[in-house]
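*Asks:* Can you read through this structure? Questions will come right after.
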Amino acid sequence: TALISGFSSLPWLVKPLYGFISDSFPLFGYRRRSYLVLSGLLGALSWSLMATFVDSKYGAVVCILIGSLSVAFSDVVVDSMVVERARGESQAISGSLQSLCWGSSAFGGIVSSYFSGSLVDAYGVRFVFGITGLLPMITSAVAVLVKEQHVPGPTRGQNVLLANPSFIESSRENIIQLWNAVREPNVFLPTVFIFLWQATPQSDSAVFYFTTNKLGFTPEFLGRVKLVTSVASLVGVGLYNGFLKRVPLRKIFLATTIIGTAFGMTQVLLVTGLNRQLGISDEWFAIGDSLILTVLGQ
């Protein structure tokens, strides 16, 4: 499990590289549309292989790595499109755009979580992998509708570097500008904070095995938990979009961090079984804990 989760996270560690590739190497004359189509096809390939031919843990690692790469690359491309549309806008307007993105993600989570657990129980994992393989194709299909100005590329048979002699020099200047930006205190210090935050050990895998092996949570029940958290995501997005998008971000971070820390520690009650002594079943405790933390997180 550590091997699979570790490899699946690798494509997310080099996301700036994808932005550089997308900006510098237009694919079929487009910097956004073509890469979204390609990402969808890669994702469909990886999950289709999981549904059919893969029968070893190493094959699963490779397929999940490819699937994770497709999601990470498309995530960068979509984020860049959001940034382009939000640039220069107020916090309220850019917040509304982000709310739309996260709300759409939560809605997709509701649909998938409603069916995922029950489908695994009824038809098995390969059937679910097959359905999952169809979903990235939606990304490829919708990407065709993206409005983007065509960028003229090199003629057939012409090398990209030869077609643009200044490419190496401009790439060098971009890297220097990026390095100078990272060295700025208002960029460097938040980056260090996020690094330390993400480097903090987490117990997600241990808790998953505890809830399945020790507490006996079934795939169907885990699907219900996912459904509740997806609904909670919509609630969190709605609360922010309706009441908080004009509130200073510093106040939001302070309040949600304090409340989230308190509720996050309640997981100790589940692990030690104290929730049952309080008259709360494991299932209801897990649902309530996930619900509150998801609302705060969104």
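*Asks:* Once you have a ≥ b ≥ c as the square roots of the Cα gyration tensor eigenvalues for segment 36-76, tell me rounded if a/c is under 1.5, and otherwise prolate or oblate according to whether a/b is larger than b/c.
*Replies:* oblate
*Asks:* Would you mind putting 227-234, 99-106, 186-193 in packing order, based on average other-beta-carbon counts within 10 Å, highest first?
*Replies:* My ranking of the peptides, most packed first, is 227-234, 99-106, 186-193.
*Asks:* Using packing as a proxy for protection, rank 175-181, 13-19 so that the peptide with the highest average count of other Cβ atoms within 10 Å comes first.
*Replies:* Sorting 175-181, 13-19 by mean packing, highest first, produces 13-19, 175-181.
*Asks:* Still on this structure, please answer the following. Relative to the first principal axis of the alpha-carbon coordinates of the chain, what is the inclination of helix 57-86, with its axis defined by its Cα atoms, in degrees from 0 to 90 and to the nearest 10?
*Replies:* 70
*Asks:* Between helix 125-143 and the chain, what is the angle of the helix's C-alpha long axis to the longest principal axis, kept within 0 to 90° and rounded to the nearest 10?
*Replies:* Computed tilt is about 40 degrees.
*Asks:* Semi-axes of the equivalent ellipsoid of the chain: what are they in whole Å, largest first, if each equals the square root of 5 times a C-alpha gyration tensor eigenvalue?
*Replies:* 37, 27, 19
*Asks:* Ignoring ligands, DNA and RNA, what percent of the 1.4 Å accessible area of the chain is carbon and sulfur?
*Replies:* That fraction is 69 percent.
*Asks:* Hey, rough spin-label estimate for residue 141 and residue 255, points 7 angstrom out along Cα→Cβ, what's it come to in nanometres?
*Replies:* 4.1
*Asks:* Same structure, new question: Non-local amide H neighbours of residue 30 (under 5 Å, H modeled in plane, Pro and chain starts lacking H): which ones?
*Replies:* Long-range HN contacts for residue 30: 151.
*Asks:* At 0.36 nm per residue, and after removing the present C-alpha to C-alpha distance, how many nm does the segment from residue 150 to residue 218 gain when stretched out fully?
*Replies:* Full-extension gain reported as 19.5 nm.
*Asks:* When only the heavy atoms of the protein chains count and the probe is 1.4 Å, how do 225, 142 rank by accessible area, highest first?
*Replies:* If we order 225, 142 from most to least accessible, we get 142, 225.
*Asks:* Take 47, 284, 197 and sort them by solvent-accessible surface of the protein heavy atoms, 1.4 Å probe, largest at the top.
*Replies:* From most accessible down to least: 284, 197, 47.
The values are calculated or read from the model by the stated rules, or taken from the named source; none is laboratory data. Remember, predicted model here, so these are calculated numbers, not experimental data. Virtual Cβ from ideal backbone geometry, glycine too; neighbours counted across all protein chains shown. For accessibility, only protein heavy atoms count, side chains too; no ligands or nucleic acids. Shrake-Rupley method; radii C 1.70, N 1.55, O 1.52, S 1.80 Å.
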